[in-house]
Amino acid sequence: AVSTTASVTITTAPSASISYASSPFCNTLTTGQSISQTGTSGGTYSSTTGLSINASTGVITPSTCIAGTYTVTYTIAAAGGCSAVSTTASVTITTAPSASISYASSPFCNTLTTVQAVSQTGTSGGTYSSSAGLSIDASTGSLTPSTSTAGTYTVTYTIAATGPCAAVSTTASVTITT
(Lines give C-alpha, C1' and ligand atoms only; values in the text may rest on other atoms or scores of the structure.)
Protein backbone atom coordinates (compact mmCIF):
# COMPACT_ATOMS: atom_id res chain seq x y z
CA ALA A 1 0.00 0.00 0.00
CA VAL A 2 1.12 3.47 -0.88
CA SER A 3 0.19 6.52 1.11
CA THR A 4 0.81 10.22 0.57
CA THR A 5 0.20 13.21 2.69
CA ALA A 6 -0.80 16.69 1.71
CA SER A 7 -0.76 19.87 3.69
CA VAL A 8 -4.00 21.87 3.77
CA THR A 9 -4.14 25.47 4.97
CA ILE A 10 -7.39 26.89 6.25
CA THR A 11 -7.45 30.68 6.06
CA THR A 12 -9.64 32.73 8.34
CA ALA A 13 -11.99 34.82 6.25
CA PRO A 14 -11.44 38.57 6.53
CA SER A 15 -14.08 40.61 8.33
CA ALA A 16 -14.45 44.20 9.44
CA SER A 17 -16.90 46.80 10.62
CA ILE A 18 -16.78 50.57 10.10
CA SER A 19 -18.63 53.60 11.46
CA TYR A 20 -18.50 57.37 11.60
CA ALA A 21 -19.42 57.80 15.26
CA SER A 22 -19.71 61.61 15.05
CA SER A 23 -21.96 61.68 11.97
CA PRO A 24 -23.69 63.90 10.94
CA PHE A 25 -21.03 66.49 10.13
CA CYS A 26 -21.52 70.17 9.28
CA ASN A 27 -20.06 71.20 5.93
CA THR A 28 -18.13 73.99 7.67
CA LEU A 29 -15.66 71.46 9.16
CA THR A 30 -12.31 71.81 7.40
CA THR A 31 -10.47 69.09 9.33
CA GLY A 32 -10.50 65.44 8.36
CA GLN A 33 -13.05 63.28 10.20
CA SER A 34 -11.84 59.76 10.99
CA ILE A 35 -13.67 56.49 10.58
CA SER A 36 -13.75 53.82 13.26
CA GLN A 37 -12.64 50.50 11.76
CA THR A 38 -12.32 47.15 13.51
CA GLY A 39 -11.29 43.79 12.09
CA THR A 40 -9.15 43.13 9.02
CA SER A 41 -7.07 46.11 7.96
CA GLY A 42 -5.64 46.94 4.54
CA GLY A 43 -8.94 47.47 2.74
CA THR A 44 -10.00 50.45 0.66
CA TYR A 45 -12.78 52.98 1.22
CA SER A 46 -15.12 54.27 -1.44
CA SER A 47 -18.39 56.13 -1.86
CA THR A 48 -20.44 57.94 -4.46
CA THR A 49 -19.62 61.27 -6.08
CA GLY A 50 -20.03 64.19 -3.70
CA LEU A 51 -18.26 62.68 -0.69
CA SER A 52 -14.58 63.55 -0.45
CA ILE A 53 -13.00 60.43 1.06
CA ASN A 54 -9.42 59.17 1.42
CA ALA A 55 -9.44 55.69 -0.15
CA SER A 56 -6.69 54.42 2.19
CA THR A 57 -7.81 55.86 5.53
CA GLY A 58 -11.55 56.52 5.17
CA VAL A 59 -11.04 60.10 6.40
CA ILE A 60 -13.56 62.59 5.04
CA THR A 61 -13.30 66.38 4.92
CA PRO A 62 -16.86 67.77 5.22
CA SER A 63 -16.03 71.22 3.82
CA THR A 64 -15.12 69.62 0.49
CA CYS A 65 -18.28 67.49 0.31
CA ILE A 66 -21.73 68.10 -1.10
CA ALA A 67 -24.44 67.91 1.57
CA GLY A 68 -26.27 64.60 1.67
CA THR A 69 -26.30 61.11 3.13
CA TYR A 70 -23.73 58.70 1.74
CA THR A 71 -22.93 55.02 2.03
CA VAL A 72 -19.22 54.37 2.55
CA THR A 73 -18.00 50.93 1.50
CA TYR A 74 -14.88 49.30 2.98
CA THR A 75 -13.62 46.52 0.72
CA ILE A 76 -11.04 43.88 1.66
CA ALA A 77 -9.52 42.25 -1.43
CA ALA A 78 -9.70 38.51 -2.05
CA ALA A 79 -6.71 36.69 -0.55
CA GLY A 80 -5.64 33.27 0.66
CA GLY A 81 -8.50 31.53 -1.09
CA CYS A 82 -11.06 33.81 0.50
CA SER A 83 -13.38 36.01 -1.54
CA ALA A 84 -13.37 39.79 -1.29
CA VAL A 85 -15.42 41.12 1.62
CA SER A 86 -17.09 44.49 2.02
CA THR A 87 -18.98 46.30 4.75
CA THR A 88 -20.75 49.66 4.76
CA ALA A 89 -21.47 52.64 6.98
CA SER A 90 -23.67 55.68 6.53
CA VAL A 91 -22.37 59.24 6.88
CA THR A 92 -24.32 62.49 6.59
CA ILE A 93 -23.01 65.93 5.62
CA THR A 94 -25.35 68.84 6.45
CA THR A 95 -25.35 72.35 5.04
CA ALA A 96 -24.66 75.11 7.52
CA PRO A 97 -27.36 77.77 7.75
CA SER A 98 -26.56 81.10 6.12
CA ALA A 99 -28.42 84.34 5.49
CA SER A 100 -28.06 88.01 4.68
CA ILE A 101 -30.25 90.92 5.72
CA SER A 102 -30.60 94.54 4.65
CA TYR A 103 -32.81 97.57 5.07
CA ALA A 104 -32.64 98.93 1.53
CA SER A 105 -34.62 102.10 2.27
CA SER A 106 -32.49 103.15 5.27
CA PRO A 107 -32.26 105.87 6.55
CA PHE A 108 -35.82 106.16 7.84
CA CYS A 109 -37.30 109.36 9.23
CA ASN A 110 -38.79 108.90 12.70
CA THR A 111 -42.05 110.45 11.45
CA LEU A 112 -42.77 107.20 9.54
CA THR A 113 -45.54 105.31 11.33
CA THR A 114 -45.66 102.38 8.93
CA VAL A 115 -43.69 99.24 9.62
CA GLN A 116 -40.51 98.94 7.53
CA ALA A 117 -39.65 95.40 6.41
CA VAL A 118 -36.25 93.77 6.32
CA SER A 119 -34.96 92.10 3.16
CA GLN A 120 -33.74 88.64 4.18
CA THR A 121 -32.31 85.89 2.00
CA GLY A 122 -31.09 82.44 2.96
CA THR A 123 -32.08 80.42 6.00
CA SER A 124 -35.33 81.55 7.61
CA GLY A 125 -36.53 81.09 11.18
CA GLY A 126 -33.89 83.20 12.91
CA THR A 127 -34.40 86.03 15.37
CA TYR A 128 -33.65 89.73 15.05
CA SER A 129 -32.14 91.92 17.73
CA SER A 130 -30.58 95.34 18.18
CA SER A 131 -29.65 97.76 20.92
CA ALA A 132 -32.17 99.74 22.98
CA GLY A 133 -33.85 102.55 21.09
CA LEU A 134 -34.74 100.67 17.91
CA SER A 135 -38.31 99.37 17.78
CA ILE A 136 -37.84 96.00 16.07
CA ASP A 137 -39.95 92.83 15.84
CA ALA A 138 -37.72 89.95 16.95
CA SER A 139 -39.43 87.39 14.71
CA THR A 140 -39.88 89.40 11.48
CA GLY A 141 -37.11 92.01 11.64
CA SER A 142 -39.60 94.75 10.78
CA LEU A 143 -39.05 98.04 12.50
CA THR A 144 -41.21 101.05 13.33
CA PRO A 145 -39.32 104.33 12.87
CA SER A 146 -41.91 106.47 14.74
CA THR A 147 -41.39 104.49 17.96
CA SER A 148 -37.60 104.38 17.59
CA THR A 149 -34.99 106.83 18.84
CA ALA A 150 -32.90 108.61 16.19
CA GLY A 151 -29.51 106.99 15.65
CA THR A 152 -27.61 104.34 13.73
CA TYR A 153 -28.17 100.76 14.82
CA THR A 154 -26.71 97.37 14.05
CA VAL A 155 -29.42 94.75 13.56
CA THR A 156 -28.30 91.16 14.16
CA TYR A 157 -30.10 88.19 12.62
CA THR A 158 -29.24 84.97 14.48
CA ILE A 159 -29.99 81.45 13.25
CA ALA A 160 -29.91 78.89 16.06
CA ALA A 161 -27.57 75.91 15.96
CA THR A 162 -29.07 72.97 14.08
CA GLY A 163 -27.78 69.43 14.24
CA PRO A 164 -24.01 69.49 13.96
CA CYS A 165 -23.87 73.10 12.70
CA ALA A 166 -23.19 76.02 15.02
CA ALA A 167 -25.37 79.12 15.34
CA VAL A 168 -24.82 81.76 12.66
CA SER A 169 -25.30 85.53 12.79
CA THR A 170 -25.31 88.26 10.18
CA THR A 171 -25.77 92.01 10.59
CA ALA A 172 -27.09 95.08 8.82
CA SER A 173 -26.94 98.76 9.65
CA VAL A 174 -30.09 100.88 9.87
CA THR A 175 -30.40 104.60 10.57
CA ILE A 176 -33.34 106.48 12.07
CA THR A 177 -33.29 110.25 11.48
CA THR A 178 -35.34 113.15 12.84
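The values are calculated or read from the model by the stated rules, or taken from the named source; none is laboratory data. Everything numeric here is computed off the predicted structure, so don't read it as measured data. Positions of Cβ are backbone-derived with ideal geometry, glycine not excepted, and every protein chain shown enters the neighbour counts. Remember, those area values only see protein heavy atoms, side chains included, never the ligands or the DNA or RNA. Shrake-Rupley method; radii C 1.70, N 1.55, O 1.52, S 1.80 Å.
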Singleton cysteines, the chain, no second Cys beta-carbon under 4.7 Å -> Cys65, Cys82, Cys109
Send over the per residue convex hull volume for the stretch 1-86, Cα only, as a whole number of Å³.
90 Å³
Step by step: find N for the chain, compute 2.2 N^0.38 Å, then divide the Cα radius of gyration by it. What's the final number?
1.83
Report the extension gain between Ala13 and Ala161 in nm, rounded to one decimal, defined as 0.36 nm multiplied by the number of residues separating them, less their alpha carbon distance.
48.8 nm
Per-pair calculated FRET efficiency, R0 = 45 Å: Thr127 and Ser86 via Cβ, rounded to 0.05:
0.45
Accessible surface of Val168 - all protein chains present, 1.4 Å probe, nearest 10 Å²
40 Å²
With N residues in the stretch 101-163, Rg(alpha-carbon) / (2.2 N^0.38 Å) equals 1.13
Over the stretch 27-147, with the other protein chains present, what is the accessible area per residue in square angstrom, probe 1.4 angstrom?
52 Å²
